[in-house]
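Here the structure comes first, spelled out in structure tokens, and everything after it is commentary.
The values are calculated or read from the model by the stated rules, or taken from the named source; none is laboratory data. Everything numeric here is computed off the predicted structure, so don't read it as measured data. Cβ sites come from the backbone with ideal geometry, for glycine too, and all protein chains shown count toward neighbours. Quick note on the areas: whole protein, heavy atoms, side chains included, nothing else; ligands and nucleic acids left out. Shrake-Rupley method; radii C 1.70, N 1.55, O 1.52, S 1.80 Å.
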Amino acid sequence: MSRITDIIHSIPVDELTGAIAVPVYQTSTFVQQAPGVHKGYDYARTNNPTRTALENIVAQLENGHGAFAFATGLAAIDAVVKLLSTGDEIIAVDDIYGGAYRLFTHVYQKLGIKIHYVDTTDAENISDYLNDKTKLIWIESPTNPTLKVSDIQKIAAIAQPFGSLVVVDNTFASPIAQQPFTLGADIIIHSATKYIGGHSDLLAGLVVTKTKELSEKIKFIQNASGGILGPWDCFLTIRGIETIELRVKRQSESAWKIAQYLTAKSEIDKVYYPGLVGHKNHEVAKRQQNGIFGGMISFSLKEDTVDAASQFVTSTKYFKLAESLGGVKSLICHPAQMTHASIPREKRLSSGVQDSLIRLSVGIEDAEDLIHDLETALSKLKHP
Ligand SMILES: *Cc1c(COP(=O)(O)O)cnc(C)c1O
């Protein structure tokens, strides 16, 4: 059976009524026949049928044992860090999502968890920091915004003798391009706000677990801390999943064309896209992303200034200026003034986020229209 057929038919038909769409159970509690005697649902923080449906669909989508839906991507990340105790250590990709950096450094470090930020684009680099206190290896691949790629299989193999869990934030690749469990990961994180939701109309987070043991632990934390996804947003997330394969393939094909176009333009300095042969880990991306390089591209301008970038990002018509990514509408963002504005300039530059770096989230519009949009913005750069 093909992937798309699998995905569509993992979405259950309602047993009670035959409804083809998953019903929204907008309820806080469930009536019991006798104390403790019920139909598997007692209180909606613990279990809700709409959430159960979403969690089962996602577990299947990522080939995991279980999945757990949270109010945001960061709430999902938070639930995984709660597996740790004081004195434990995390090795995290140095180019980590800013919100995860803030959570690790400003919340968990002060509770006695030590974080090592490491350039994981060379897998061997983690060896210097691995020890018996290492509990999590935290990988994002590709990263934001410079699309760095790490070899998940190699990292998992190096971490294995130390018994550390390998966590992959699979938000940028999406389950269509990358299946971390087949590469040796133990836990997958998604900000479902992005490609899984896919329509820029909700916030949601997912934790997917490989084993029954991990499912039980995350389920406990989900119920104990309570940061669950509400039933309506569960419904919207399921609706997003129905079209994820179509969207991601289209976005990835268009992004590849746009990356080729940008590479050929004299006004553009560097183009960051895992699908380009010149990308540091292009071969790894090709292998571990099934040839689907994703819908995210970054590039810098020859005129490497904040002003030039500002001019560019306010000149596009279809690429809307906004943070976030993964929706059907294309977005453009200037990290130095937006997502990465809180990082001191020197630190930002050393991590490759130049003053003129511009990030694109390619939507499902026609690729030629998107290229024309960029062409117009480039011409305004020369003749403002
Ligand atoms: C957006 C994002 C998050 C956080 O998700 P929210 O839903 O915004 O809380 C985590 N990781 C990555 C890679 C992201 O892009």
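Scanning the stretch 329-346 for residues being farther than 13 Å from MET296 by Cα and β-branched (Val, Ile, Thr) gives a total of 2.
For (1) in contact (Cβ under 8 Å) with a residue 60 or more places away in the chain; (2) not charged (D, E, K, R), each residue gets a yes or a no:
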position: TYR101; (1), (2): no, yes
position: THR105; (1), (2): no, yes
position: THR120; (1), (2): no, yes
position: ASP128; (1), (2): no, no
position: ASN170; (1), (2): yes, yes
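Residue selection: SER266 satisfies the criterion of being of a type in the set (Ser, Thr, Tyr) and more than 25 Å from PHE181 (Cα to Cα). Considering LYS347, LYS280, LYS270, LYS320, the condition of being of a type outside the set (Asp, Glu), away from the ligand (no atom under 16 Å from the Cβ) and touching a Lys or Arg at 6+ places or on another chain (Cβ under 7 Å) is satisfied by LYS320 alone. When the stretch 192-206 is filtered for residues that are in contact with a helix residue (DSSP H, G or I) (Cβ under 8 Å, 6 or more places away or on another chain), over 8 Å from LEU236 (Cβ atoms) and more than 9 Å from the ligand (Cβ to nearest atom), the ones remaining, listed by number, are TYR195, ILE196, GLY198, LEU206. Of the residues making up the stretch 167-181, those that are part of a loop (DSSP other than H, G, I, E, B) and within 20 Å of THR146 (Cβ to Cβ) are ASN170, THR171, PHE172, ALA173, GLN178. Whenever a residue of the stretch 213-233 is on the phi > 0 side of the Ramachandran plot, its partners that are open to solvent by 50 Å² or more (accessible area, probe 1.4 Å), lying with C-beta atoms within less than 7 angstrom and at least six residues away or across chains, give the pairs GLY226/ARG45.
Please go through the stretch 124-151 and give me each residue that is outside any strand (DSSP E or B), within 16 Å of the ligand (Cβ to nearest atom) and of a type in the set (A, V, I, L, M, F, W, C), ordered by number.
From the stretch 124-151, those outside any strand (DSSP E or B) are 124-133, 141-151; that's our starting set.
Filter once more, keeping what is within 16 Å of the ligand (Cβ to nearest atom): 141-150.
Passing the criteria: LEU147, VAL149.
Scoring VAL328 on the criteria (1) open to solvent by 20 Å² or more (accessible area, probe 1.4 Å); (2) on the phi > 0 side of the Ramachandran plot leaves a single failure, condition (2).
Of all residues in the stretch 82-102, how many are of a type in the set (Lys, Arg) and either under 16 Å from VAL207 (Cβ atoms) or near the ligand (Cβ under 10 Å from one of its atoms) (or both)? I'd like the intermediate steps shown before the answer.
Within the stretch 82-102, the subset of a type in the set (Lys, Arg) is 82, 102.
Okay, now just the ones that are also either under 16 Å from VAL207 (Cβ atoms) or near the ligand (Cβ under 10 Å from one of its atoms) (or both), so 82.
The total comes to 1.
Considering the stretch 152-170, the residues that are within 28 Å of ALA259 (Cβ to Cβ) and open to solvent by 10 Å² or more (accessible area, probe 1.4 Å) include one that is nearest to the ligand (Cβ to nearest atom), namely ASP169. Taking the conditions exactly as written (crowded, with 20+ Cβ neighbours inside 10 Å and over 16 Å from SER174 (Cα atoms)), does SER315 satisfy them or not? So SER315 does not fit the description; no. Entry remark, the stretch 331-378: residues being open to solvent by 20 Å² or more (accessible area, probe 1.4 Å), closer than 30 Å to LEU246 by Cα and either among the polar types (S, T, N, Q) or assigned to a loop (DSSP other than H, G, I, E, B) (or both) number 6 in total.
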